[in-house]
Amino acid sequence: VRTFALSALSSLIVGEAVPGGFARGEARVVSGFEDLFLTKRLGSSESPPPAGLTEARADGGDGGDSNAPNLFKPLLELLNAEDTALVEEGITNLQSILEKIGQRVDCWPLIIASLRACEGPAAFKCLKFIVDEFLDNVGESSSSEGPRKLIEACESYAFSSFNVNTSLASISLLWSISDRDGEFLLCLESLVKVSSDERPEIRNCAVNTLFSCVASSDGERWAKIFEDVILELIKNLEEKLTNASETQATKGGEEKGFVMRVHHSRDNPRKQWGETYKFGLQGLSRILRHFLPTHPLPASLH
């Protein structure tokens with residue numbers, strides 16, 4: 001029943017998608033799918049909507065006339081079900097739909113908010129697909145919230161603890177999004193936040209990526225970036241280093257009766273934060289050499 005219903009809904013979405021809009025259907029049809037997917041037999045009717053989903057509806061993120069039922073809604077609400085298999089099936093169908101009509105979709109904030117709330121490998125794969133294939137579409141949709149929602153979702157996955165590779169890939173996505181002028185500063189601000197992650201490999205990647213983004217930008221906004229972003233980053237890293245513990249760190253194995261110790265150069269949080277701070281200073285030195293000869297900072301920042 002579930003598979004047939006998902007297939008029917010996917011066909012309706014693809015068939016009803018209109019140029020410059022999104023898939024609309026009669027209210028009773030949309031309501032019928034919502035009732036079917038949210039029955040206890042297939043999912044959960046008691047779960048709250050995904051974080052950001054209500055907000056996306058309220059700000060017009062569903063792509064236009066709020067009186068026109070959006071066929072994406074029952075599919076996206078399905079992603080909040082308690083049944084993991086049901087959620088993954090819904091994500092698979094969502095990506096299949098985007099592959100077919102992604103160029104005509106306009107409810108990006110709604111889609112992105114739902115994928116952010118899932119916080120799983122399948123949802124991240126779909127989010128990455130959106131960044132790789134539809135970044136321009138998200139930026140050009142009728143809702144101005146799309147790019148911000150996308151950056152927030154990538155930031156959320158960067159902080160996620162279920163997979164280090166997913167966190168590192170999320171940082172790469174932020175770099176890709178930063179290529180769009182309108183989202184450049186938002187991406188840098190997200191990278192500053194991720195640079196405070198407790199995992200050394202994640203925060204080091206965020207710091208290095210931030211300086212690579214800055215180095216590849218033009219020099220016209222260099223002073224503003226330096227004042228609003230880079231000084232904030234260095235300040236945060238200094239504070240983390242100052243407050244870090246010198247207690248020896250261990251890694252894994254305690255529950256199995258053995259302890260794996262890290263190298264003596266990184267065997268406590270103070271040393272690990274010191275390494276991150278070093279990356280920050282190296283990045284700062286790199287961009288000062290890059291920009292100062294042609295774009296001097298104003299005297300107020302000296």
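Taken as a whole, the condition of being part of a helix (DSSP H, G or I) and either in contact with a Lys or Arg (Cβ under 9 Å, 6 or more places away or on another chain) or open to solvent by 10 Å² or more (accessible area, probe 1.4 Å) (or both) applies to residue 85. Looking at (1) in contact with a helix residue (DSSP H, G or I) (Cβ under 8 Å, 6 or more places away or on another chain); (2) surrounded by fewer than 17 Cβ atoms within 10 Å (Cβ to Cβ), find the lone condition where residue 146 falls short. For residue 146, the failing item is (2). When the stretch 161-184 is filtered for residues that are touching a residue at least 40 places away in the same chain (Cβ under 8 Å) and either within 18 Å of residue 136 (Cα to Cα) or open to solvent by less than 10 Å² (accessible area, probe 1.4 Å) (or both), the ones remaining, listed by number, are 170, 173, 176, 177, 180, 182, 183. Looking at this structure, is residue 158 at pLDDT 95 or above, crowded, with 20+ Cβ neighbours inside 10 Å and more than 23 Å from residue 93 (Cβ to Cβ)? Against the criterion (at pLDDT 95 or above, crowded, with 20+ Cβ neighbours inside 10 Å and more than 23 Å from residue 93 (Cβ to Cβ)), residue 158 qualifies.
On the given criteria, is residue 133 acidic (Asp, Glu), modelled with pLDDT under 95 and either crowded, with 23+ Cβ neighbours inside 10 Å or farther than 17 Å from residue 76 by Cα (or both)? Judged against the criteria, residue 133 is not a match. Output the residues belonging to the stretch 185-203 that are open to solvent by 20 Å² or more (accessible area, probe 1.4 Å) and in contact (Cβ under 8 Å) with a residue 12 or more places away in the chain. Result: 185, 186, 189, 193, 196, 199, 201.
Cβ-Cβ distances below 6 Å connect the following pairs, each with a first residue in the stretch 107-118 that is in a helix (DSSP H, G or I), a second residue that is surrounded by 24 or more Cβ atoms within 10 Å (Cβ to Cβ) and of a type in the set (Asp, Glu), and a separation of six or more residues or different chains: 110/62. Is one or more of the residues making up the stretch 250-265 at pLDDT below 90 and open to solvent by less than 20 Å² (accessible area, probe 1.4 Å)? Within the stretch 250-265, one or more residues are at pLDDT below 90 and open to solvent by less than 20 Å² (accessible area, probe 1.4 Å).
Which members of the stretch 168-190 meet the condition of being among the charged types (D, E, K, R) and modelled with pLDDT under 95? If the condition is that a residue be among the charged types (D, E, K, R) and modelled with pLDDT under 95, then 179, 180, 181, 183 are the ones that fit. Restricting attention to the stretch 205-225, the residues being out of contact with any His (no Cβ under 6 Å at 6 or more places or on another chain) and either among the hydroxyl-bearing types (Ser, Thr, Tyr) or open to solvent by less than 20 Å² (accessible area, probe 1.4 Å) (or both) number 11.
The values are calculated or read from the model by the stated rules, or taken from the named source; none is laboratory data. These numbers were taken from a predicted model, which means no experiment stands behind them. Virtual Cβ from ideal backbone geometry, glycine too; neighbours counted across all protein chains shown. Note: accessible area is taken over every heavy atom of the protein model, side chains too, but ligands, DNA and RNA are not part of it. Shrake-Rupley method; radii C 1.70, N 1.55, O 1.52, S 1.80 Å.
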